[in-house]
1. Just how many % of Cα pairs in segment 111-276 lie over 22 Å apart, if you round to the nearest whole percent?
2. For segment 11-90 and segment 177-231, what is the centre-to-centre distance using only Cα atoms, to the nearest Å?
3. Two decimals, Cα atoms only, Kirkwood Rh: what is Rg/Rh over the chain?
4. Nearest 10 degrees is fine. How inclined is helix 65-84 to the longest principal axis of the chain, computing both from alpha carbons?
5. Quickly rank 31-42, 189-200 as a protection proxy: mean count of other C-beta atoms within 10 Å, highest first.
6. Quick one: net charge of residue 272's neighbours, Cβ under 11 Å, K/R +1, D/E -1?
7. Relative contact order for the chain using alpha-carbon pairs under 8 Å, separation at least 6, rounded to a whole percent?
8. With n ≥ 4 as the cut-off for DSSP H runs, can you work out [θ] at 222 nm for the chain, using -39500 (n - 2.57) per run divided by the number of residues, rounded to the nearest 500?
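Coordinate-derived values only; no laboratory data. All of these numbers come straight from a predicted model, not from anything done at the bench. Cβ coordinates were reconstructed from backbone atoms using ideal geometry, including for glycine residues, and neighbour counts include every protein chain displayed.
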Amino acid sequence: MPYGYTSYMEREGYSTETITSYVKTVRAFFRYIDMKYEKNKEVFEITPKDIKTFIDSCLSDGHSKMTCNKYLSILKSFFDYLWQKDKIAADPTVKIKRLVLEDTKKTEITYQQLLDILPDILSNPTYSSLRKAIYVLTLKGLRHSEFQFIKENVVDMGDSVTIKLKKHEINLTHDAAETFMSYYYESQFNGTPFVFITKKHDSTSVPIEIMSLYAHINAISKDYGLPTKLNLNMIRNAYAYYLYKQKRYTIESISTILGIKPASAAQLVKTSMVRYQ
C-alpha cells in the first residue's frame, strides 16, 4: 500500500483482518478510477465526484448501503491519513455523507435481547457445550481472530475464569464461567494447543474458522427467532452501544474492555449510535 498506509495501520494496532479489508477496498477504488479514466490517477487528483461515483457503482453492483458505508469509511480513513501526511492539499471525502439506512432499526438486534436468551441457551439440552461456549464469548464482543486463543491462556480461578487474549483479558463468572469450562475440559482432547478448532475434510484440525463460528451463532439466531442472522460485527456493535448508553461506560473503559485503542473505541461507539438511533 503506497505512502506507508499499511505500516501506519500496523503501528496503530489495527487487526490483521482490518488491515486486509482496508487494503482490499483502497485497491478496489483505484482499480475503478484507473478503468474509468483509462490511466493511473494520482492521489492528489482524486475529487469528491470520484468518491461518489465509486460508491454509486458499488450500489449498482448490488452491494448493500451498509457495505457501501463501510467502503466510504475506509476511504475517509485513507484520505485523512494522506492529508495529515501532506500528500494531498485537501481531503476529497470530508463533505461526503454516509448513505441513510432507512430500514436499519427494523432488523437490528439489541444487546439486551442477546442477554435475555442467554439463560435459555445455557440450559438448552440439545446444544453442545461448544455452541454454548461460543455464544458466551460472542457476548464479550470477540472478533474471529480472538477466538483463536490457546489453552494455556485460560486461567481457572475457581469461581471465575480469565482468558488472556493478545491485547486484553476476558473475565467470566457464574453460569458463563461454568459453561465455558465445561467445553474447555473437552477441548483438552482435541490434539491441538487451541481451545476452539475447525476439523477439515482431511481430518486435520486448525484454529477455528469464521464459518464454523457462524454455523453456531446462525443456528442460535434461527432457533430463538431473532429478527436477523447474527454475525460477530453486529454483536460487537450492540455490545459497544450497550456499554456506552446503558452502562454509561467511558470510551476509555470500553477500549480497555474490547482491547482496542480509544480512537477505535470512539469510532465503534459512533458507528453503533448510527445503527441504533
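1. Working: 5990 of 13695 pairs.
Roughly 44 percent, once rounded to a whole number.
2. 34
3. We get a ratio of 1.00 for the chain.
4. It is inclined by approximately 60 degrees.
5. Values: 31-42: 11.6, 189-200: 15.1.
Top of the packing list down: 189-200, 31-42.
6. Numbers: positive: 236, 245, 270, 275; negative: 108.
My count for the surroundings of residue 272 gives +3.
7. Working: 274 pairs, mean separation 45.7, N = 277.
About 16 percent, as a whole number.
8. On the way: 13 runs with 148 residues, N = 277.
Result for the chain: -16500 deg cm²/dmol, rounded to the nearest 500.
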